[in-house]
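First up is the structure itself, then whatever we jot down about it.
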Amino acid sequence: MIHSIMAGLESYSKLSSGSLYTLNWVFPLERYTKGHIGINTYAASPESLTSYARIPEEEIAARIPCDLKDHPLLIIPQEQRKPFLEQLLGKAQAEELWNHLPQYLSKGDLCHRCKEIFDVLITSNGGDFKKILMNIQVERIYFARRYRKGLVTIEPQLHVDAQYQQLSINKNLGSLPPSLQSLNLFTLTGDLVDGNRGLVEYSDLLKRPVDSFKYLLSACETGAINIGNTIAYLDALLLGSANEIQLDAFKEFPDFTSFKARIELIRVPYLLRTSDEQEIYESQLQQIAGEKHVTPHVSWTLALWAILTRLKKPNSINFPSNVSSLIAALRPMDKAKILDNGELPGNLSPEERKVLRASVGRLRDEYTNVPYYEGRMGASARELKTVLFDAAQNPEFTCLSPLAVLREIEELTKRTSEYDFLKQDVKDGYHNAVEFIQLVRTEYISRIDREVRDSIGIYDSAQWEDFLKKYVTQISVVLKKEKIKNPMTGRMEDPDFTLIAEFEKIVEAPEESKEKDAFRKSIISQIGVWSLDHPKESMSYARVFPDFWKKLEKHYFASQKSLLAKMSDALLVYDTDGLDPSSEGGILARQTVENMKSKLGYCQACAREVITFLMQQRY
């Protein structure tokens, strides 16, 4: 997370709206100040110059940067800054800006070295501030974590975070004006200096001995640190990271109270949404896979299992009575789907769905304010990346596939002595890392089942939409006890009870008369609610009744099992190049594989593997 913030700052510093500036002290060759012969190397004469900031590089005798990257506004004496802004911006705008300036800019001062240079120059120039400005060069800062420019990570190893060394070793010193050569100038270096005006990260802070970062007690409060014979005032965001075990131990430390008053603890649990976790692996899949092809759903398989290991069983007493029984019945997969995209269990009535949907926010935040919050335990992304690497290297699989990932997860769950999340007690299905493998495998089978069916190409999914639409029209007429107009003959006729009976048999509607009427009224009610919630959208029966859609598809494919078996047998005996072009199974297999390759991102090997696996597991 911190590295993402750094990356954002790095990008933002390159935009005009994110520009940052610092200052350098620039001293030209002697002929610029004494008018010696040879000034024709520069277009303007020394007398006409108002600044040395833009003279050619070869004309500069010495350049001294500000170690702490101070803002150029600090060159203006504190008591003159507000009047300067008023003159520059106008009184009203300057007043508004001044009230929002941080103290670093309104009351701060130059760093020690810059202040010494300033004081000598102001004296040697008889108090002429304009002559001092001639030596100021304003430079734009661009953050770069790789090169430690404003973005610095301090690792947990022991070392001093800042240090200083004498500047006399710098050849620039011999080129300085005589008035400055007598100064005993020092340069500041180190992590905090490199990260000033930006962000400093203390990675795994609590793995270091406490004495090595006690200076942060004063640094966080005053914004200053003692470095040798000087005090450096910082303008930086300090962020640290630590795991819960180290933090719990730190809370027992006698000085923790002092630290707590100066820091803000921010919980960063493992992710709890599958789609978010999936993004972590998706961007690295091809690099990890190397020359292997990456089968669809690899990152989703890994992410879903990871999320399941992190979930805690909801406690029904934390919810209102009208929803407590529904909450208590939620299984790990139900909760994972709800937290990810709001998908509710398919066996709920419309009223139960409405009540449960209203409690999703409370379900998500249930364990936010307890010590053992949700996401504190579970498989980490670091561990799961290792699973990916192992799966990519598994010689049993031609591609980096979900099946290879599940195989490696099975191996991971055997190492119970190495991972704390594998030692948790199972509670109503929760924390059962081994069982989660089967749950994910079942979900994966459902996904590839739909993909294979869609790729077969022997049916048009629009027929389910039309079937649903006709059913709704017919039951609407039945409930109103009316007749329906035949579009062909124009006559008023009785509803099509044959179509109604067929549909209700497929979707397993209640058979009792009263329950059947309630079932039909519920359908009409759901359509009304959806129309109110989506006033500008055309009716989509597949979205309103996803469970009906699944049952209609399942019914159709159950009737096509024999054809699917022929396709599977053809693939088991031959690869797609060797299929009999005249056989029914061969034609279907070739067509299905080609659609999976062109539309879904499979290669020939993994498409064949998926079809074979699906037929073995489900058909």
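Residues of the stretch 240-256 that are under 15 Å from Pro156 (Cβ atoms), of a type in the set (A, V, I, L, M, F, W, C) and modelled with pLDDT of 90 or more: Ala242, Leu247, Ala249, Phe250. Taking the stretch 356-421 as the region of interest, the helices (runs of 4 or more DSSP H) fully inside it that hold 1 or more residues being modelled with pLDDT of 95 or more and more than 30 Å from Pro320 (Cβ to Cβ) are 381-393, 402-412. In the stretch 195-224, what count of residues is obtained for those that are buried (at least 20 other Cβ atoms within 10 Å of the Cβ), within 30 Å of Leu121 (Cα to Cα) and not small (Gly, Ala, Ser)? Result for the stretch 195-224: 2. For the stretch 287-321, the tally of residues that are within 25 Å of Ile445 (Cβ to Cβ) and in contact with a Leu (Cβ under 9 Å, 6 or more places away or on another chain) stands at 20.
Screening the stretch 519-575 for residues that are β-branched (Val, Ile, Thr) and surrounded by fewer than 18 Cβ atoms within 10 Å (Cβ to Cβ) and picking the one that is modelled with the lowest pLDDT gives Val573.
Checking Val472, Val452, Val440, Val434 one by one, the residue that is of a type in the set (A, V, I, L, M), assigned to a helix (DSSP H, G or I), surrounded by 15 or more Cβ atoms within 10 Å (Cβ to Cβ) and out of contact with any Phe, Trp or Tyr (no Cβ under 8 Å at 6 or more places or on another chain) is Val452 and no other. Scanning the stretch 260-296 for residues that are farther than 30 Å from Asp248 by Cα and part of a loop (DSSP other than H, G, I, E, B) yields Ser283, Gln284, Gly290, Glu291, Lys292, His293, Thr295, Pro296. Of all the criteria given as (1) farther than 18 Å from Tyr281 by Cβ; (2) touching a Lys or Arg at 6+ places or on another chain (Cβ under 7 Å), the one not satisfied by Ala392 is (1).
The selection criterion, being under 20 Å from Arg113 (Cα atoms), in a helix (DSSP H, G or I) and either out of contact with any strand residue (DSSP E or B) (no Cβ under 6 Å at 6 or more places or on another chain) or not assigned by TED's automatic domain parsing to the domain that holds Cys66 (or both), holds for Ser179. Collect the residues in the stretch 276-299 that are without any contact (Cβ under 8 Å) to a residue 60 or more places away in the chain and under 16 Å from the mean Cα position of the chain (by Cα), keeping them in residue-number order. Asp276, Gln278, Glu279, Glu282, Ser283, Ser299 - these are the residues of the stretch 276-299 that are without any contact (Cβ under 8 Å) to a residue 60 or more places away in the chain and under 16 Å from the mean Cα position of the chain (by Cα). Only one entry of Arg113, Arg145 meets the criterion of being out of contact with any helix residue (DSSP H, G or I) (no Cβ under 6 Å at 6 or more places or on another chain) and modelled with pLDDT of 90 or more, and that entry is Arg113.
The values are calculated or read from the model by the stated rules, or taken from the named source; none is laboratory data. None of these values were measured; they are calculated from a predicted model. Positions of Cβ are generated from backbone atoms using ideal geometry, with glycine treated the same way; all protein chains shown enter the neighbour counts.
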